[in-house]
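Structure, as structure tokens:
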Amino acid sequence: MLIIGIQISSILKHYGIISSGRYYLVKYDILVLILYGLLFSLPFVFHILLTPKIKNRLLKILFFPCCWTALEFIMSHAIGGTLFSISSSQFAFSPFIQFSSAVGALGITFFICFFASALENAIVTLCFSKTLICTLVVAVLIILFGLVRLKTSPEPIGKVIVASITRTYGHSQFDDSYDAFTEEQFSQVLYHLEDDISKANEEGADVVLWFEECFLLWHEKVEEFTEYAGLLAKKYSIALIVPMEIGFEEGYYWNNCLVAINKNGEMEYRDDKTFLVPVLESFIMKGDGKIKSFKVENTKISSVICFDASYPSFIRKCSHEGVQLLLSPAWDWNLIAEYACRPMIVRGIENGFSFVRNAYRGILMATDPYGRVITEAKTDNVGSNVIVSEMPIYNVTTIYGKTGDVIPVFCLIYVLITSVYVICLKIKQHRNDMHRKKVTFFESQEQ
């Protein structure tokens with residue numbers, strides 16, 4: 001009912017039947033909480049129903065972490081990515097989160113759950129077995145791995161100065177009218193565009209990054225706008241990552257995309273958002289799912305839009321492309337600002353690149369490939385702010401970048417095999433019970 005309500009209210013808002021600033025009748029936040037609450041109850045249900053039939057102690061302990069990790073793995077390819085992954089709870093514990101360079105964020109999830117499962121088993125059975133002791137030893141080794149990785153990190157081979165712009169350009173996604181710029185607004189936008197690029201140039205910036213959907217344009221205006229942005233890029237010798245939302249057919253369909261323009265004013269590529277927010281972006285056309293890149297100051301730069309960064313298998317393509325700096329324009333709201341931004345630290349650690357995420361109504365975060373924060377600033381106080389980040393550039397190769405989600409795949413296979421095995425046992429037991437009852441019944445009849 002919640003999903004239907006949101007969808008109907010979105011359509012009513014689109015056709016002007018309702019004029020509320022937020023174009024959904026019920027809080028999307030509530031829907032997210034309910035949906036995730038239901039989904040993440042499944043590992044507990046499976047654990048209660050199936051583990052009593054597992055006799056081996058280690059396999060019994062292994063089932064819950066595998067079940068939880070398998071669920072997060074499925075969601076990381078379907079809905080939400082790793083936005084609310086349990087591994088996000090460790091983003092501030094830098095030595096521990098370094099292990100994601102080998103096993104990814106979902107590998108961190110597995111170990112957290114395995115430790116909890118081993119501890120629960122020890123408490124319930126009143127037996128502190130070798131399994132729990134080995135788990136503690138592994139935890140210490142993982143932390144030592146992280147400390148060594150941080151201590152032995154090489155010197156950067158260069159730097160790229162990124163200027164993040166937080167100006168709203170007089171338009172908000174949650175204003176009363178969700179529409180592209182008028183002619184008057186468009187002229188003002190072109191003026192402010194040069195003003196901000198000029199300020200970024202004064203700060204010595206190599207690249208300018210705006211937030212998601214910063215420029216709302218009808219498709220007829222896109223070419224003019226892009227050409228003007230290219231002229232400014234050439235004039236100031238500065239690369240641009242320009243996020244825009246392009247309207248078609250009187251606003252019924254939109255493209256949530258960005259264009260990358262090099263210092264010569266040439267457009268390197270256009271990239272459309274691949275992973276759309278369910279329901280809220282039902283009117284947005286999906287991108288092609290490819291990672292595109294270009295070079296600035298001998299540094300390979302790529303860009304993804306907001307929600308795309310929550311999908312580790314998608315971002316791992318950056319590792320294959322040799323990306324050294326990833327830029328991500330984003331749009332958050334208060335409830336998810338912390339969850340959407342801070343856990344993204346792990347994307348850079350997983351794949352060995354520096355990362356800048358400029359989010360409107362959220363947090364601007366810039367980190368290096370080791371998760372060390374370069375710049376952090378809240379962007380809810382909007383204005384013509386230009387926030388500069390000197391991003392260190394490294395040549396870092398990670399195990400996860402080469403191997404991918406080995407642990408989650410193992411977990412999914414283990415859960416499937418174990419579930420089938422236990423279900424077969426239950427069916428066999430049920431048949432034996434039925435046969436016993438029949439035998440007992442016939443014996444009683446004969447007597």
Take LEU231 and decide whether it is surrounded by 15 or more Cβ atoms within 10 Å (Cβ to Cβ), modelled with pLDDT of 85 or more and of a type outside the set (Asp, Glu). no
**Asked** Is one or more of the residues making up the stretch 48-64 modelled with pLDDT of 85 or more, surrounded by 13 or more Cβ atoms within 10 Å (Cβ to Cβ) and in a loop (DSSP other than H, G, I, E, B)?
**Response** no
Considering only the stretch 151-162, I want to know if a residue exists there that is without any contact (Cβ under 8 Å) to a residue 24 or more places away in the chain and part of a helix (DSSP H, G or I). yes
All conditions in (1) within 23 Å of ILE363 (Cα to Cα); (2) of a type outside the set (Ser, Thr, Tyr); (3) more than 26 Å from the chain's Cα centre (by Cα); (4) not in a helix (DSSP H, G or I) are true of VAL259 except (3)
Exactly one of LEU141, LEU119, LEU150, LEU136 is among the aliphatic types (A, V, I, L, M) and either within 17 Å of ILE407 (Cβ to Cβ) or in contact with a strand residue (DSSP E or B) (Cβ under 8 Å, 6 or more places away or on another chain) (or both), and that residue is LEU141
Note on LYS295: of the conditions (1) assigned to a strand (DSSP E or B); (2) surrounded by fewer than 16 Cβ atoms within 10 Å (Cβ to Cβ); (3) modelled with pLDDT under 90, unmet is (3)
Scanning the stretch 280-294 residue by residue, the ones that are of a type outside the set (A, V, I, L, M) and within 22 Å of ASP332 (Cα to Cα) total 6
The residue from THR109, THR131, THR125 that alone is polar (S, T, N, Q), free of Cβ contacts under 8 Å to residues at least 24 places away in the same chain and not assigned by TED's automatic domain parsing to the domain that holds PRO369 is THR125
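Residue-wise test of (1) over 23 Å from GLU183 (Cα atoms); (2) surrounded by fewer than 20 Cβ atoms within 10 Å (Cβ to Cβ); (3) of a type in the set (D, E, K, R).
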position	(1), (2), (3)
ILE197	no, no, no
ASP206	yes, no, yes
GLU220	no, yes, yes
GLU227	no, yes, yes
ILE238	yes, no, no
VAL242	no, no, no
GLY247	no, no, no
CYS257	no, no, no
ARG270	yes, yes, yes
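Condition check ((1) aliphatic (A, V, I, L, M); (2) over 24 Å from LEU106 (Cα atoms); (3) at pLDDT below 90) across all residues:
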| site | (1), (2), (3) |
| --- | --- |
| TYR370 | no, no, no |
| GLU390 | no, yes, no |
| VAL396 | yes, no, no |
| LYS428 | no, yes, yes |
Scanning the stretch 108-148 for residues that are within 22 Å of ILE315 (Cβ to Cβ) and surrounded by 21 or more Cβ atoms within 10 Å (Cβ to Cβ) gives ILE108, THR109, PHE110, PHE111, GLY146
Take SER389 and tell me if it is touching a helix residue (DSSP H, G or I) at 6+ places or on another chain (Cβ under 6 Å), among the hydroxyl-bearing types (Ser, Thr, Tyr), in the same structural domain as SER302 (by TED's automatic domain parsing) and within 26 Å of VAL189 (Cα to Cα).
no
When the stretch 246-268 is checked residue by residue, the ones that are within 18 Å of CYS214 (Cβ to Cβ) and modelled with pLDDT of 85 or more are ILE246, ASN255, ASN256, CYS257, LEU258, VAL259, ALA260, ILE261, MET267
**Study point:** Condition met for MET365 (touching a strand residue (DSSP E or B) at 6+ places or on another chain (Cβ under 9 Å) and either more than 30 Å from GLU338 (Cβ to Cβ) or not aromatic (Phe, Trp, Tyr) (or both))
**Key:** yes
Exception for TYR421 within (1) farther than 16 Å from SER100 by Cα; (2) surrounded by fewer than 15 Cβ atoms within 10 Å (Cβ to Cβ); (3) touching a residue at least 60 places away in the same chain (Cβ under 8 Å) falls at (3)
Screening PHE314, PHE275 for residues that are out of contact with any His (no Cβ under 8 Å at 6 or more places or on another chain), assigned by TED's automatic domain parsing to the domain that holds ILE345 and part of a loop (DSSP other than H, G, I, E, B) leaves only PHE275
Residues of the stretch 328-377 being closer than 15 Å to TYR400 by Cβ, in a helix (DSSP H, G or I) and of a type in the set (Gly, Ala, Ser), in sequence order, are GLY348
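The values are calculated or read from the model by the stated rules, or taken from the named source; none is laboratory data. Fair warning: this is a prediction, and the values are worked out from it, not measured in the lab. Cβ: placed from backbone, ideal geometry, glycine included. Neighbour counts: every protein chain shown.
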